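Here the structure is laid out as structure tokens; the discussion comes afterwards.
The values are calculated or read from the model by the stated rules, or taken from the named source; none is laboratory data. Given the structure is predicted, the values throughout are model-derived calculations rather than measurements. Glycine gets a Cβ as well: all are built from the backbone with ideal geometry, and neighbour counts include every protein chain shown. Only protein heavy atoms, including side chains, enter the accessible area calculation; ligands, DNA and RNA are left aside. Shrake-Rupley method; radii C 1.70, N 1.55, O 1.52, S 1.80 Å.
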Amino acid sequence: MNNRFAFYLSFAFCLFIVSCSEAEKKPTEYNWPILTGFPKPQVPANNPMTIAKVNLGKQLFYDKNLSANQSQSCASCHVQKHAFAETLVTSKGSTGDIHRRNSPALVNIAYNKTLTWAHDGLTSIEQQILLPMFGEDPIELGITNNESKVLARFATSSYKQLFKQAFPDYEGNIITFDLISKALASFVRSLISLQSPFDQYAYANKDDAISESALRGMSLFFSEKLECHHCHGGFNFTQSTSHEKQLIDRRPFHNTGLYLVENKITGTFGYPEQDTGLDEISTLSQDNGRFRAPTLRNIEVSAPYMHDGSIATLSEVLDFYSAGGRNIIKGKYQGDGRLNKLKSPFIKGFVMTEQDKKDLIAFLETLTDEAFLSNPQHAKP
């Protein structure tokens with residue numbers, strides 16, 4: 001069995017092998033930059049994709065006028081060369097507030113079923129974008145109580161023209177946050193990354209697109225010994241996937257054994273009170289420490305890792321999974337996460353040689369899409 005065939009089998013080809021002939025395609029105003037045969041993302045009926053909307057969204061994404069004090073834009077925490085993530089451990093808002101979570105990479109977000117690190121009910125990009133705009137704990141863009149002031153900045157002739165092109169039917173030339181969120185969501189949906197060396201190998205049949213070391217790493221990645229693919233499967237390398245051909249509503253979250261900290265008040269053990277994950281939304285104790293597995297596409301450039309940015313390098317990430325969790329022997333978060341009773345059954349540890357680690361990293365590096373990271377269509381206007 002050759003490597004490519006083995007990959008297809010273990011992948012279960014989570015595209016569901018879409019038969020998408022030109023005759024079957026419906027006309028659309030927006031041409032998705034996706035590979036032939038790939039399913040298109042799902043898009044809300046009240047916010048169809050258009051080039052004009054994407055262009056407006058890009059202008060807004062890079063505009064610091066969107067923050068109350070004009071010090072930050074969306075791009076301040078989502079930097080293109082870092083796969084629209086950032087190098088800070090956790091993000092800092094426009095007023096200096098420190099966020100408790102690492103800024104997630106905006107890679108193929110159009111295919112995500114759920115958004116943010118730990119919210120099973122947040123499935124709309126239009127809705128998610130309101131959180132950094134209006135959130136008060138912590139403050140990010142700081143628009144709350146500054147709505148009129150912020151909107152007034154976009155009442156320029158150039159912006160009015162862009163809004164009119166994007167939303168021809170909007171009434172009275174009045175710019176609203178509803179229109180802003182729809183335009184931003186359209187730009188974020190346009191951030192499609194499917195041109196990595198891995199894609200050339202797997203979908204364009206270019207045998208020399210990735211190295212022998214990467215091929216060995218791919219075999220390890222999709223093996224039952226390591227089980228990486230159970231949480232990072234499918235064409236987007238994450239279980240949290242939705243598209244036009246996927247009928248199953250999957251919203252998986254995982255406890256990886258990152259922490260096992262004692263709560264001094266309750267005497268229970270779990271993730272730090274600062275961020276306990278999905279249980280904050282579900283109120284279910286079994287969801288303590290459960291977070292969404294992010295895509296691994298462009299993972300090489302989006303360090304640091306984990307929901308709180310607490311692991312600095314890919315090498316350390318592999319050591320963490322090899323150990324079956326993390327044992328913190330001293331300090332504020334002391335505890336042996338390997339013993340966390342809520343840990344995913346897929347996080348059970350494995351033996352990894354130095355060559356195995358090199359091969360795995362070589363494979364993960366094949367998911368880096370240089371064209372995406374330097375695409376002028378995504379860059380600051």
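Within segment 43-66, which residues are within 21 Å of LYS149 (Cβ to Cβ) and of a type in the set (D, E, K, R)?
Step one: filter segment 43-66 for residues within 21 Å of LYS149 (Cβ to Cβ), giving 56, 59-66.
Of everything in segment 43-66, those that are within 21 Å of LYS149 (Cβ to Cβ) and of a type in the set (D, E, K, R) turn out to be ASP63, LYS64.
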key: Residue within segment 134-149 that is surrounded by 14 or more Cβ atoms within 10 Å (Cβ to Cβ), assigned to a loop (DSSP other than H, G, I, E, B), out of contact with any helix residue (DSSP H, G or I) (no Cβ under 6 Å at 6 or more places or on another chain) and among the acidic types (Asp, Glu) present   = no
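Taking segment 113-133 as the search range and keeping residues that are part of a loop (DSSP other than H, G, I, E, B) and open to solvent by less than 30 Å² (accessible area, probe 1.4 Å), which one is farthest from PHE187 (Cα to Cα)? Break it down into steps so the answer makes sense when it comes.
Taking segment 113-133 and keeping what is part of a loop (DSSP other than H, G, I, E, B), we get 113-124, 129.
Checking the rest, the ones that are also open to solvent by less than 30 Å² (accessible area, probe 1.4 Å) come to 114-115, 117-118, 122, 129.
Details: THR114: 18, LEU115: 16, TRP117: 20, ALA118: 23, LEU122: 18, ILE129: 12 Å.
Top of the filtered list is ALA118.
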remark   = Note on segment 208-234: residues without any contact (Cβ under 8 Å) to a residue 60 or more places away in the chain and part of a helix (DSSP H, G or I) are ASP208, GLU212
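Being exposed (fewer than 15 other Cβ atoms within 10 Å of the Cβ), closer than 24 Å to LEU35 by Cα and within 18 Å of the chain's Cα centre (by Cα) is true for just one of GLU300, GLU370. Which residue is that? Write out each step before concluding.
Working: GLU300 fails: exposed (fewer than 15 other Cβ atoms within 10 Å of the Cβ).
Every option except GLU370 fails the conditions.
Within 21 Å of the chain's Cα centre (by Cα) and farther than 28 Å from ALA110 by Cα: which single residue out of GLY233, GLY257 fits that description? So that I can check it myself, show each step before the final result.
Details: GLY233 fails: farther than 28 Å from ALA110 by Cα.
The unique qualifying residue is GLY257.
Looking at ARG292, ARG297, can you tell me which residue is in contact with a strand residue (DSSP E or B) (Cβ under 9 Å, 6 or more places away or on another chain), of a type in the set (Lys, Arg), modelled with pLDDT of 95 or more and closer than 22 Å to GLN239 by Cβ? Talk me through it step by step, then tell me what you get.
Values: ARG297 fails: in contact with a strand residue (DSSP E or B) (Cβ under 9 Å, 6 or more places away or on another chain).
One residue alone meets the criteria, ARG292.
Table: residues versus (1) within 26 Å of LYS225 (Cα to Cα); (2) in contact with a Leu (Cβ under 6 Å, 6 or more places away or on another chain); (3) among the aromatic types (Phe, Trp, Tyr).
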residue	(1), (2), (3)
ASN298	yes, no, no
ALA303	yes, no, no
GLY331	no, no, no
ILE361	yes, yes, no
THR366	yes, no, no
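Would you check if there is a residue in segment 141-151 being modelled with pLDDT of 95 or more and in contact with a Ser or Thr (Cβ under 7 Å, 6 or more places away or on another chain)?
Kept after step one, since they are modelled with pLDDT of 95 or more, are these residues of segment 141-151: 141-151.
Retained after the next criterion (residues that are in contact with a Ser or Thr (Cβ under 7 Å, 6 or more places away or on another chain)): 141-142.
Looking through segment 141-151, at least one residue is modelled with pLDDT of 95 or more and in contact with a Ser or Thr (Cβ under 7 Å, 6 or more places away or on another chain).
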request  = Specify the residue that is surrounded by the fewest Cβ atoms within 10 Å (Cβ to Cβ); the eligible residues are those in segment 165-186 that are of a type outside the set (Phe, Trp, Tyr) and not in a helix (DSSP H, G or I).
outcome  = ASP169
Given (1) of a type in the set (A, V, I, L, M, F, W, C); (2) in contact (Cβ under 8 Å) with a residue 24 or more places away in the chain; (3) touching a Phe, Trp or Tyr at 6+ places or on another chain (Cβ under 7 Å), number of the condition ILE311 does not satisfy = (2)
Selected residue [buried (at least 22 other Cβ atoms within 10 Å of the Cβ), touching a Ser or Thr at 6+ places or on another chain (Cβ under 7 Å) and part of a loop (DSSP other than H, G, I, E, B)] from PHE237, PHE198 = PHE237
request  = Take segment 27-63 and flag every residue that is under 26 Å from ASN298 (Cα atoms) and not in a loop (DSSP other than H, G, I, E, B).
outcome  = ILE51, LYS53, VAL54, ASN55, LEU56, GLY57, LYS58, GLN59, LEU60, PHE61
